Amino acid sequence: MQISYLRGRGLGDRAGDGNEAARAHGLVWNVAPICGLPDPDLWRARKRNRHKFSRQERCYAGALTFEFYRFRFQFRSEGTLYFPPYKSGNIVRGAFGTIFRKLVCMPDCRDAKSCEVRTTCPYASVFEPRSARGEGPSGLADWPRSFVFRAAHLDGDTIGEGENFHFDVHIFDVHDPSLRYFVLAFAQLARGGLGPGRGLAELAAVDQLNSGGGTVDRVFEGERFHLGELAAPICVDLSEAPKRVHHARVRFVTPTELKSEHQVANRPEFGILFGRLRDRISTLRTLYGPGPLDIDFRAMGERAAAVRMTQCALKRTDADRLSSRSGQRHPLGGFVGEVEYQGELSEFVAYLQLGKWVGVGRQTVWGKGEMEVMELA
């Protein structure tokens, strides 16, 4: 992919006049027309209007829903890549953050919190949203990012030269998904490498998927964006299940940690699990969607607490990550396995199923907290 990134010069005619913020970044989008990057002034206008909805943009008027995009990034290995167990999501996230920052930030920028142009910086908006925006839920110290990676199927795998592999990205900001920045960052893996051995890979294609994994549209292939409006995002109806559900089996796919009363819970009791799912979904809607959930939080929480855990087959995993910025190690462990719940579950089913897409608990952006409903009765 022929892309060069020049620093220390203005944006010229492509950016238009008066683009002081982008010019302060010293960034030139010196790209072939096929890349089709958005005009930075247009990007800022979209950011200003991100919460203006039309009836057509909603799943259906008045419904309690959650929308998100699902994209699959497909690669061809140009060397040997290794994904250690329980670390694939963190490896992908780390590579994306490092490359994304190099693409759009000035060399002397230390962090988004102190950046003078953080309100218009794409990196700050995607990776440190609280630094980029001044509004949001009160009392929330660390805002959730607008995306998660899904790469658990790569855990423990070695990808040989010439082999294909993929991972998925779920983006919750349906009004400004910043897809081109994801594509441009991962296109640079052929230069920067991925994983412990820094194996090289070429981005071959990016597809927009539906909830069943089928391809809705191809948005990037080879060296070319397929420009145009994205297809409608996936829409999850959070209404109560039409039939009574009194039994559920849930699998925690990747290490999961749930907090309760300011400490990590030993087991995912249903009241704790639902509480963390409900709060995460509501916060994501508040920051990136139509607003907080219009439900009775306390009453639903009390009903959730009445649901019993009847089977628990979990194991603890231990892993950690080394921060390339701070040099510190951060734990990535948690529990994996299956649990079963018994009780009046009908009103909670949609939240449990949405957990597959948004994750639950701590460090979801690193791939932790992936869960799925295996059985309902």
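Between the amide H of Val216 and those of Gln208, Leu209, Asn210, distances stay under 5 Å, these residues lying 5 or more places away or on another chain, with hydrogens modeled in the peptide plane.
Couplings 3J(HN,Hα) for region 281-293, derived from phi with the Karplus relation 6.51 cos²θ - 1.76 cosθ + 1.60 (θ = phi - 60°), are 4, 5, 5, 4, 5, 5, 7, 10, x, x, x, x, 4 Hz, where x marks Gly and Pro. Under a model in which nothing but the beta-carbon of Lys, Arg (+1) and Asp, Glu (-1) is charged, region 241-376 shows a dipole of about 320 debye around its Cα centre.
Compactness check for region 241-376: Cα Rg over 2.2 N^0.38 Å is 1.07. Note that region 152-163 has calculated 3J(HN,Hα) couplings of 4, 5, 8, 4, x, 8, 10, 9, x, 4, x, 7 Hz, one per residue in order, obtained from phi through the Karplus relation 6.51 cos²θ - 1.76 cosθ + 1.60 (θ = phi - 60°); glycine and proline are x. Ala313: net charge of surrounding residues, Cβ under 12 Å, Lys/Arg +1, Asp/Glu -1, itself excluded? That works out to +2.
Taking the empirical scaling 2.2 N^0.38 Å for compact globular proteins as reference, region 197-268 has a Cα radius of gyration ratio of 1.78.
Close amide H contacts of Ala205 (hydrogens built in the peptide plane, cut-off under 5 Å, sequence separation of 5 or more or a different chain): Gln74, Gly222.
For region 190-205, putting each phi into the Karplus relation 6.51 cos²θ - 1.76 cosθ + 1.60 with θ = phi - 60° gives couplings of 5, 9, x, x, 8, x, x, x, 6, x, 8, 8, 10, 6, 9, 6 Hz, in residue order, rounded to whole numbers and with x for Gly and Pro. Other residues lying with their Cβ under 11 Å from the Cβ of Gly214 contribute a combined charge of 0, Lys and Arg counting +1, Asp and Glu -1. Averaging the sequence gap over all C-alpha pairs within less than 8 Å and six or more residues apart, then dividing by the number of residues, gives region 63-235 a relative contact order of 39 percent. Electrostatic tally near Arg150: other residues with Cβ closer than 13 Å to its Cβ, Lys and Arg +1, Asp and Glu -1, net +1. With the Cα gyration tensor of region 63-235 giving a ≥ b ≥ c as the square roots of its eigenvalues, does the rule (a/c under 1.5 for rounded; else a/b larger than b/c for prolate; else oblate) give rounded, prolate or oblate? It comes out oblate by the Cα gyration axes. Amide H contacts under 5 Å for Glu163: Ser77, restricted to partners 5 or more places along the chain or on a different chain, H placed in the peptide plane at 1.01 Å from N.
Ranking Gly156, Ala112, Tyr69 by how far each Cα lies toward the positive end of the dipole of region 63-235 (charges on Cβ) leaves Ala112 at the top. Using the structure shown, select from Lys259/Lys368; Lys102/Lys259; Lys113/Lys368; Lys87/Lys113 the pairs with a Cα to Cα distance greater than 23 angstrom. Those over the limit are Lys102/Lys259; Lys113/Lys368; Lys87/Lys113.
Where a number appears in this text, it was derived from the coordinates with a stated rule and is not lab data. Owing to the predicted nature of the structure, the values given are computational and were not obtained by experimental measurement. Glycine gets a Cβ as well: all are built from the backbone with ideal geometry, and neighbour counts include every protein chain shown.
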